1. Rounded to the nearest angstrom and ordered from largest down, what semi-axes does the equivalent ellipsoid of the stretch 219-314 get from its C-alpha gyration tensor (root of 5λ)?
2. Counting just the Cα atoms, what span does the chain cover along each of its three principal axes? Round to the nearest Å and put the largest first.
3. Full extension from residue 68 to residue 309: what is 0.36 nm times the residue separation minus their Cα-Cα distance, to one decimal in nm?
4. So with the 1.4 Å probe, I'd like the accessible area per residue for the stretch 3-180, rounded to whole Å².
5. If you take every residue apart from residue 297 with its C-beta less than 13 Å away from the C-beta of residue 297, what net charge results, scoring Lys and Arg +1 and Asp and Glu -1?
6. Need the list of lysines near residue 258 for cross-linking: C-alpha distance under 23 angstrom, and skip anything on the same chain fewer than eight residues off.
7. Please give the per residue volume of the convex hull enclosing the alpha carbon atoms of the stretch 159-276, rounded to a whole number of Å³.
8. Along the Cα→Cβ direction, 7 angstrom out, place labels at residue 113 and residue 3. What is the inter-label distance in nm?
Amino acid sequence: MSALSRHADAIRGELSKVIVGQRDLAELLLTALLADGHVLLEGVPGVAKTLTAKLLARTLSVPFSRLQFTPDLMPSDVLGTSVFRPQKGEFEFRPGPIFASVVLIDEINRAPAKTQSALFEVMEERQITQDGVRYPLPAPFVVLATQNPIEQEGTYRLPEAQLDRFLFKLSVGYPTMEEEVQILQGHHAGFGGTPLEAVQPVVSADDLRELREQVRRQHVEPKLLEYIARLVGQTRAHKGLYLGASPRASLALLNGAKALAALRGRDFITPEDIQYLAPVVLRHRIQLTPEREMEGGTPDDVVKQILQQIEVPR
């Protein structure tokens, strides 16, 4: 695991040049990257969601693009469009900004359903179909999306099918007082703004491909596969949930646990890896009943309760 640890430490080191704190967030973003999954970052304005995503993309030697979602955005603005060429007498497809290896979608919940649906095929199959022709996206391909949890005006709720395509939903919180003092000190010393130039690419597309292949070969005990299936299955039978998690959630837990174990220097996964990732894998895939919502419950509360109910394999 030495190569993987070396590359992971290099990415962490580059991120820490600009980002203060957020160690858990950095670890989960790296986990998603190694597990070949998309990430939804949720947090109030000003907590460096977009900056963190841009910095992570900058540590990779791959094409990057950023999309600012707005209510008037059309699917062709994302995917691309066919342009008629009079000289050739035919239409030519002009790829949109989605054709990059790391795509940052800022404020993803600001686009209407028509534009959101354009991402379904992209996120799941890593391709688009335009005028009956299939156009594969570059490999690797990762979507990092941000959204504001408290703003309602001018926003649209993401479809459940789209939420299910995100490997993790990460909540980005406020910094601690000590971290905020550190941010102020850095800004006062002239390290303000967004110094992206301070971060250098440290991992190539080929490196990432090899690391992902290493993660896929992680050892998994059969009893842990059963543990994952029981956890996800319990969400479908829980009285406080209107909608349980899909089989895609089971796959996300498995792939995420394998990547997390590799990041932590192991070639096998443990029940603790699964328990650590359960909230970020399940919180956006389950829906509370109206009664549970009125009681002030949250998806994380239900996941915690389910974890306590299921016997942990040893």
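1. 25, 12, 11
2. 69, 48, 43
3. Working: separation 241, 0.36 × 241 = 86.76 nm, distance 4.19 nm.
Length gained, residue 68 through residue 309: 82.6 nm.
4. 45
5. Within the 13 Å Cβ shell, the charges total -1.
6. Cross-link targets: 169, 223, 304.
7. On the way: hull volume 22.2 nm³, N = 118.
Expressed per residue, the convex hull around the Cα atoms of the stretch 159-276 is 188 Å³.
8. 4.7
The values are calculated or read from the model by the stated rules, or taken from the named source; none is laboratory data. Worth saying up front: this structure is predicted, and the values here are computed from it rather than measured. Heads up, the Cβs are rebuilt from the backbone with ideal geometry, glycines too, and the neighbour counts pull from every protein chain shown. When the accessible area is computed, the model is the full protein with side chains, heavy atoms only, and any ligands, DNA or RNA have been set aside. Shrake-Rupley method; radii C 1.70, N 1.55, O 1.52, S 1.80 Å.
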